[in-house]
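**Q** I have a structure I would like to understand better, so I am pasting it below and will then ask my questions one at a time.
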Amino acid sequence: LPINLLDLLQNVVDNFWSIAKARQITLAIESAPDSCYIMADGTLLSRAFNNLIDNAIKYGKDGMHIALAITEENNYWHISIKDQGIGIAQEDFERIFQVFGRAPQMETKRISGLGLGLAFVHTVIVGHQGSVTLESTQGVGTTFHIYLPILHDEESVLL
Ligand code: ATP
Ligand code: MG
C-alpha cells in the first residue's frame, strides 16, 4: 500500500517517548518533506525502524540526542538515524546484519540481546527494494542510512 514515510516514522518515534525520557535522551525527525510516499508493508517497516531506534537507545548514552531525517536522493528516500552512542567497529559492520550477530565488545556484552534486530531490518528493507548502510566511530556514535524507492505517482495509486 502507499504509505507516507513521515507519518510512519513519527509514530515509531512517538512510541519511544517514555523510554527515551527515562534516560534524558531526546529524539526528533529534524527534517523531512511533508509528503514522502513509498509502497510498503507498514507493519514490517514500522518494526524495522522500531529495531533501529531501539538499538540507538540501547547502545546509546544517557542525555544524548538521536537525530532522524528524510531526504530525497536519486529516486530514493534516504532516512538517516544518527545516535551518539558507543559506536561499532568497522570490522563488525558485516556481522551485525547476520542472524545472532553482535559486536564482541565489553559494552555490548553487558547489554543483552539476541542479535536478530538488524537481520530483520536488512531483510525488510531489501524486501522493499531498498538498502541499509552505516557509518560509525567508536565512542562517538553511529548513523544508519536506509534507502527506499520513492513512489512518484501516489495520487494515481490512491485514486
Ligand atoms: P536484538 O535481537 O534484541 O535486537 P541486538 O540489539 O544485540 O539484539 P541487533 O539489533 O541485530 O541485535 O544489533 C546487532 C549488534 O549491532 C548489537 O549487538 C550491537 O553490538 C550492534 N549495534 C546495533 N546498533 C547499534 C548502535 N546504534 N550503536 C552501537 N552498536 C549497535
Ligand atoms: Mg537490537
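Just so you know, all these numbers are worked out from the coordinates, no wet-lab data involved. As the structure is a prediction and not an experimental result, all values here were calculated from the model. Cβ atoms come from the backbone with ideal geometry, glycine included; neighbour counts cover every protein chain shown.
**Q** Using only Cα atoms, find the angle between the long axis of helix 42-58 and the longest principal axis of the chain, and express it within 0 to 90 degrees, rounded to the nearest 10.
**A** Roughly 30 degrees between the two axes.
**Q** Around S112, what is the net charge, scoring Lys/Arg as +1 and Asp/Glu as -1 over all other residues with Cβ under 12 Å from its Cβ?
**A** Summing Lys and Arg as +1 and Asp and Glu as -1 gives +4.
**Q** As I understand it, the value is the acute angle between the Cα axis of helix 5-15 and the longest principal axis of the Cα atoms of the chain; what does it come to in degrees, rounded to 10?
**A** 40
**Q** Mind pulling the angle between the C-alpha long axis of helix 117-127 and the longest principal axis of the chain? Nearest 10 degrees, somewhere in 0 to 90.
**A** Between the helix axis and the principal axis of the chain, the angle is about 20 degrees.
**Q** Do any trypsin sites (Lys or Arg not before Pro) in the range 39-83 lie in a DSSP loop with no more than 16 other beta carbon atoms within 10 Å, and if so, which?
**A** In loop regions of the range 39-83 (DSSP not H, G, I, E or B), the sparsely surrounded trypsin sites (Lys or Arg not before Pro) are K61.
**Q** Which of the GluC sites (Glu not before Pro) found in the range 73-143 are loop residues per DSSP with 12 or fewer other Cβ atoms within 10 Å of their Cβ?
**A** Answer in residue order: E94.
**Q** With +1 assigned to the C-beta of every Lys and Arg and -1 to the C-beta of every Asp and Glu, and no other charges, what is the dipole magnitude of the range 24-159 about the Cα centre in debye, to the nearest 20?
**A** 760
**Q** Now a separate question. With +1 on each Lys and Arg Cβ and -1 on each Asp and Glu Cβ, how big is the dipole of the range 32-102 about its Cα centre, in debye rounded to the nearest 20?
**A** Its charge dipole is roughly 260 debye.
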